[in-house]
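K.L.:
Encoded as structure tokens, here's the structure I'll be asking about.
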Amino acid sequence: MAKPFRSLELAGSSVKVYSSATHACEAAADRIAKTIRICVEIRSKAVLGLATGATPEPVYAGLVERHRAGELSFAPVSTYNLDEYYPMGPLDPNSYRSYMERHLFGHVDLAPDRAHILDGTVPAAFAAQSAAQFDHWIAADGGLDLQLLGVGRNGHIGFNEPTDLSVAEALALPTRPVDLHPTTTEDAAGDFGGADRVPRRALTMGIASILAARSILVLAFGPRKAEAVAGSLRGPMTARVPGSLLQAVGPKVTWLVDREAAAEIL
Ligand code: GLP
């Protein structure tokens with residue numbers, strides 16, 4: 001198992017710094033596989049919250065590898081993804097549904113009716129209502145055992161972008177439609193072939209929904225994430241840096257970062 005070269009505690013959370021993103025992703029895959037095994041043993045099922053983006057790709061590769069080696073089954077697992085662009089068709093290569101099919105769903109024994117992603121095809125007038133249902137589905141499934149998270153360059157988690165809300169208001173945010181921040185649009189421009197082609201809106205699990213998970217694993221790699229990591233762990237809790245809101249549930253959060261992303265916290 002990959003070992004961190006430095007472990008520290010910040011804002012009540014455990015922070016593990018790895019010599020490379022590869023090692024951190026191995027540790028994340030181990031932790032997810034272990035969570036699945038323990039939850040299945042205790043209550044015959046496991047419920048995971050999943051993330052997209054470049055950051056967790058090697059984690060999914062690691063899980064697929066364990067499945068192929070006969071070490072891990074997703075048959076008793078259900079998954080809920082953090083977010084989806086809006087509007088967005090499931091077959092669009094840029095949809096998070098396509099991403100999940102490419103990196104995980106298409107390669108493991110996860111049942112299609114247990115692999116949940118917010119629906120980017122609902123009519124605009126019903127988008128809020130449809131997104132809110134997601135929180136009911138998660139609750140009815142017994143809540144998330146583990147939420148995997150990445151962090152945006154501007155500190156966003158899921159698509160919960162920086163806002164001027166009070167901390168109390170931000171902590172109560174449910175799953176809902178949101179407008180994307182210009183930094184997020186800029187970061188997604190490469191995937192979509194230009195910033196003007198990136199959808200302006202998205203559906204995201206809320207801060208309240210994320211923080212309700214029984215454990216949270218946050219991944220951040222590379223120098224571009226250093227400021228967001230420092231703001232989340234060293235700064236005050238503020239809705240201007242959504243990652244800092246994880247401090248509200250510090251003890252159940254583990255950060256797995258590489259040296260570059262940890263540059264401003266060491
Ligand atoms: C996207 C996703 C987030 C993700 C973040 C970082 O906007 N909605 O869930 O954590 O960007 O992405 P990346 O891992 O590609 O840096």
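The values are calculated or read from the model by the stated rules, or taken from the named source; none is laboratory data. Small disclaimer: the values here were computed from a predicted structure and weren't measured. Using ideal geometry, Cβ is built from the backbone for each residue, glycine included, and neighbour counts are taken over all protein chains shown. Accessible surface areas use protein heavy atoms only, side chains included; no ligands, DNA or RNA. Shrake-Rupley method; radii C 1.70, N 1.55, O 1.52, S 1.80 Å.
K.L.:
Considering each of T175, T183 in turn, give the residue that is modelled with pLDDT of 95 or more and over 18 Å from G89 (Cα atoms). Give the steps one after another, and end with the answer.
P.N.:
Numbers: T183 fails: modelled with pLDDT of 95 or more.
On inspection, the qualifying residue turns out to be T175.
K.L.:
Turning to a different aspect of this structure: If you go through the range 135-191 one residue at a time, how many are surrounded by 18 or more Cβ atoms within 10 Å (Cβ to Cβ), more than 11 Å from the ligand (Cβ to nearest atom) and assigned to a helix (DSSP H, G or I)?
P.N.:
Result for the range 135-191: 3.
Results for (1) on the phi < 0 side of the Ramachandran plot; (2) of a type outside the set (G, A, S); (3) assigned to a helix (DSSP H, G or I), shown as yes or no for each residue.
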{"residue": "A24", "(1), (2), (3)": "yes, no, yes"}
{"residue": "R31", "(1), (2), (3)": "yes, yes, yes"}
{"residue": "T35", "(1), (2), (3)": "yes, yes, yes"}
{"residue": "C39", "(1), (2), (3)": "yes, yes, yes"}
{"residue": "L48", "(1), (2), (3)": "yes, yes, no"}
{"residue": "T52", "(1), (2), (3)": "yes, yes, no"}
{"residue": "V59", "(1), (2), (3)": "yes, yes, yes"}
{"residue": "V64", "(1), (2), (3)": "yes, yes, yes"}
{"residue": "L72", "(1), (2), (3)": "yes, yes, no"}
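K.L.:
Tell me whether the range 120-131 contains one or more residues that are open to solvent by less than 10 Å² (accessible area, probe 1.4 Å) and more than 30 Å from V229 (Cα to Cα).
P.N.:
yes
K.L.:
Being surrounded by fewer than 16 Cβ atoms within 10 Å (Cβ to Cβ) and either part of a strand (DSSP E or B) or touching a helix residue (DSSP H, G or I) at 6+ places or on another chain (Cβ under 7 Å) (or both) is the filter here; which residues of the range 1-22 pass it?
P.N.:
M1, R6, S7, L8, E9, G12, T22
K.L.:
I would also like to ask the following. Out of everything in the range 41-87 that is charged (D, E, K, R) and surrounded by 23 or more Cβ atoms within 10 Å (Cβ to Cβ), what residue ends up being farthest from the ligand (Cβ to nearest atom)?
P.N.:
So, considering only residues that are charged (D, E, K, R) and surrounded by 23 or more Cβ atoms within 10 Å (Cβ to Cβ), the one farthest from the ligand (Cβ to nearest atom) is E84.
K.L.:
Right, here's the next one. When you look at A212, is it among the small types (G, A, S), within 15 Å of the ligand (Cβ to nearest atom) and open to solvent by 20 Å² or more (accessible area, probe 1.4 Å), yes or no? Step through it out loud before you land on a result.
P.N.:
Numbers: among the small types (G, A, S): yes; within 15 Å of the ligand (Cβ to nearest atom): no; open to solvent by 20 Å² or more (accessible area, probe 1.4 Å): yes.
When the stated conditions are applied, A212 does not pass them.
K.L.:
If you don't mind, another one. Is there any pair with a first residue in the range 217-236 that is open to solvent by less than 30 Å² (accessible area, probe 1.4 Å) and part of a loop (DSSP other than H, G, I, E, B) and a second that is within 12 Å of the ligand (Cβ to nearest atom) and of a type in the set (A, V, I, L, M) whose Cβ atoms are under 7 Å apart and which are 6 or more apart or on different chains, and what are they?
P.N.:
If the second residue must be within 12 Å of the ligand (Cβ to nearest atom) and of a type in the set (A, V, I, L, M), the pairs left are G222/A261.
K.L.:
Please identify the pairs in which a residue from the range 48-67 that is within 22 Å of L203 (Cβ to Cβ) has its Cβ atom under 6 Å from the Cβ atom of a residue that is near the ligand (Cβ under 7 Å from one of its atoms), counting only partners at least 6 apart or on another chain.
P.N.:
Between residues of the range 48-67 that are within 22 Å of L203 (Cβ to Cβ) and residues that are near the ligand (Cβ under 7 Å from one of its atoms), the close pairs are A51/L82; A51/L149; A51/G150; G53/G150; T55/G150.
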